[in-house]
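The values are calculated or read from the model by the stated rules, or taken from the named source; none is laboratory data. Source: prediction; values computed, not measured. Here the Cβ is made from the backbone with ideal geometry for all residues, glycine too, and neighbour counts use every protein chain on show. SASA here: full protein model, heavy atoms, side chains in, ligands and nucleic acids out. Shrake-Rupley method; radii C 1.70, N 1.55, O 1.52, S 1.80 Å.
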Amino acid sequence: MAHALRPLKVAIVGRPNVGKSTLFNRLVGRRLALVDDRPGVTRDRREGEAELGELALTLIDTAGLEEADSESLEGRMRAQTERAVAEADVSLFLIDARAGITPTDRHFAEMLRKTGQPVILVANKCEGAAGEGGFYDAFSLGFGEPVPFSAEHGLGLADLVLALEAHAPAEMPTEAEDAEPEEGGPVRIAVVGRPNAGKSTLVNKLIGEDRMLTGPEAGITRDSISVDWQWKGRPVRLVDTAGLRRKARVQEKLEKLSVSDALRAIRAAEVVILVLDESSPFEKQDLQIADLVTKEARALVIAVNKWDLAEDPKSRMNELREMADRLLPQVRGMPLVAVSALTGHGLGKLMDSVFAIRERWERRVPTSALNRWFSALIEHHPPPAVAGRRIKLRYVTQAGTRPPTFIAFGTRTEAVPESYRRYLLNGLRDAFDLVGVPVRLHLRKTENPYEKS
């Protein structure tokens with residue numbers, strides 16, 4: 001009989017710049033959260049998993065607690081943090097031992113006390129003599145003895161685990177055979193676009209809760225935030241990313257970190273939803289993002305947001321369809337869905353398109369059908385002779401999926417003109433319903449010493 005890990009949901013809270021994201025990264029064992037010396041880098045809640053001893057932790061990194069009007073950006077950030085505290089089994093309340101206890105620490109200690117939720121006080125930056133005074137001052141907050149810790153160096157981890165174990169459920173034996181393996185993981189979807197296109201609002205509307213921080217200010221999202229969710233019973237991992245600006249405008253170190261975080265999210269995704277603003281679609285930056293997605297060989301769905309503001313929707317959609325196919329010929333026919341993140345219009349169609357394009361992206365074509373098509377296509381339109389010498393293409397095979405990748409074999413394949421390669425690619429897309437996904441076609445020379453050209 002095996003023993004299951006004891007689950008515990010933990011919110012990491014405190015005023016800005018006390019080391020919450022550093023602690024989060026330390027516990028999950030990866031740099032998932034952006035970290036910078038300036039305060040207020042974290043804005044949305046970010047979740048991560050960790051195993052410490054016999055504990056299976058779900059950790060929530062939160063925005064720094066600040067006193068602010070509820071309608072301001074800082075106020076909305078605080079509301080997100082309050083929601084994380086309410087959802088958690090226990091909160092780790094961080095203070096900066098070097099800075100000592102501040103009036104803001106005292107204000108939010110009172111706020112945490114009023115929630116009635118369990119709190120573990122953590123005196124961070126306790127390494128060396130500089131943090132000694134702040135450690136003893138922390139007793140005055142009324143949460144008992146603080147856990148001395150250094151998130152930067154990992155000192156005090158054993159004490160922290162002991163404090164957390166006191167709040168975990170009792171250890172429960174479980175039969176080893178009860179652990180059923182999961183069939184496949186969640187569908188990984190990254191939501192990308194320019195700042196203020198409505199990505200976070202779209203994610204919130206899809207999952208049915210205000211999970212992402214939103215507002216009229218451009219560039220609120222900084223981290224790439226993942227949310228596990230289900231669509232019609234199918235597990236989905238949605239990743240909301242920071243808005244991607246033109247490279248020349250990405251000046252600050254923090255914004256560069258956000259952009260690289262978004263690029264990692266694209267590479268980890270299976271399907272990427274590119275959110276456009278209906279009033280200014282297919283700007284240069286939109287096209288560069290779409291090009292990046294196809295170069296990374298990910299399936300692309302375009303969501304035209306703010307459709308509730310569109311005039312003459314039918315003619316506008318025809319216009320956008322023509323623009324999409326003309327400006328993005330490499331994924332001609334990709335799903336283009338009109339949505340309103342505000343009202344929820346089109347979100348069902350959007351998710352249906354996501355699953356349909358993912359199926360194409362994973363499609364494997366039977367070899368016999370592939371070569372029947374290939375022979376007929378070449379008979380109808382053989383490769384042109386180059387420099388008076390014929391090119392012979394003999395057979396084709398599918399080398400992989402995600403995206404569909406094919407290899408055609410023949411003689412003098414290095415001389416095949418680019419226009420004929422495009423003809424073959426377009427034929428593959430049309431014949432096997434691979435429209436709208438990146439398709440790879442490699443031409444290889446058949447090695448046969450007895451073969452004459």
- Of the residues that make up the range 381-390, is at least one surrounded by 14 or more Cβ atoms within 10 Å (Cβ to Cβ) and either of a type in the set (Asp, Glu) or within 26 Å of ALA297 (Cα to Cα) (or both)? no
- Message: Restricting to the range 1-40, give me the number of residues that are at pLDDT 80 or above and either at positive phi or not in a helix (DSSP H, G or I) (or both).
- Response: 13
- Kindly provide the set of residues from the range 399-430 that are open to solvent by less than 40 Å² (accessible area, probe 1.4 Å), among the polar types (S, T, N, Q) and farther than 24 Å from ARG267 by Cα, ordered by number. THR411, THR413
- Note on the structure: Exactly one of VAL435, VAL365, VAL337 is closer than 30 Å to LEU206 by Cβ, more than 24 Å from the chain's Cα centre (by Cα), surrounded by 13 or more Cβ atoms within 10 Å (Cβ to Cβ) and of a type in the set (Val, Ile, Thr), and that residue is VAL435
- Of the conditions (1) surrounded by 18 or more Cβ atoms within 10 Å (Cβ to Cβ); (2) in contact with a strand residue (DSSP E or B) (Cβ under 6 Å, 6 or more places away or on another chain); (3) closer than 20 Å to PRO335 by Cα; (4) not polar (S, T, N, Q), VAL396 fails just one. Which one is it? (3)
- Has the range 41-53 got any residue that is closer than 22 Å to PRO148 by Cα, in a loop (DSSP other than H, G, I, E, B) and either open to solvent by less than 40 Å² (accessible area, probe 1.4 Å) or at pLDDT 80 or above (or both)? no
- Would you check if there is a residue in the range 289-308 being touching a His at 6+ places or on another chain (Cβ under 8 Å), open to solvent by 10 Å² or more (accessible area, probe 1.4 Å) and among the aliphatic types (A, V, I, L, M)? no
- So LEU328 fits all but one of (1) surrounded by fewer than 20 Cβ atoms within 10 Å (Cβ to Cβ); (2) hydrophobic (A, V, I, L, M, F, W, C); (3) at pLDDT below 95; what number is the exception? (1)
- Task: For residues that are in a loop (DSSP other than H, G, I, E, B) and charged (D, E, K, R), scanning just the range 163-196, find the one that is modelled with the highest pLDDT.
- Result: ARG194
- Query: So is ALA88 buried (at least 22 other Cβ atoms within 10 Å of the Cβ) and touching a Pro at 6+ places or on another chain (Cβ under 6 Å) or not?
  - Reply: no
- Item | Residue check, VAL396 at pLDDT 90 or above and assigned to a strand (DSSP E or B) | yes
- Filter result (within 33 Å of the chain's Cα centre (by Cα), assigned to a helix (DSSP H, G or I) and surrounded by fewer than 18 Cβ atoms within 10 Å (Cβ to Cβ)) within the range 105-130: MET111, THR115
- Message: Among the residues in the range 425-432, are any in contact with a strand residue (DSSP E or B) (Cβ under 8 Å, 6 or more places away or on another chain) and under 22 Å from GLU379 (Cα atoms)?
- Response: yes
- Note on the structure: Scanning the range 150-162 for residues that are of a type in the set (A, V, I, L, M, F, W, C) and either in contact with a Lys or Arg (Cβ under 8 Å, 6 or more places away or on another chain) or part of a helix (DSSP H, G or I) (or both) gives ALA151, LEU157, ALA158, LEU160, VAL161, LEU162
- Only one of GLY100, GLY133, GLY144, GLY154 is small (Gly, Ala, Ser), surrounded by fewer than 16 Cβ atoms within 10 Å (Cβ to Cβ) and without any contact (Cβ under 8 Å) to a residue 24 or more places away in the chain, namely GLY144
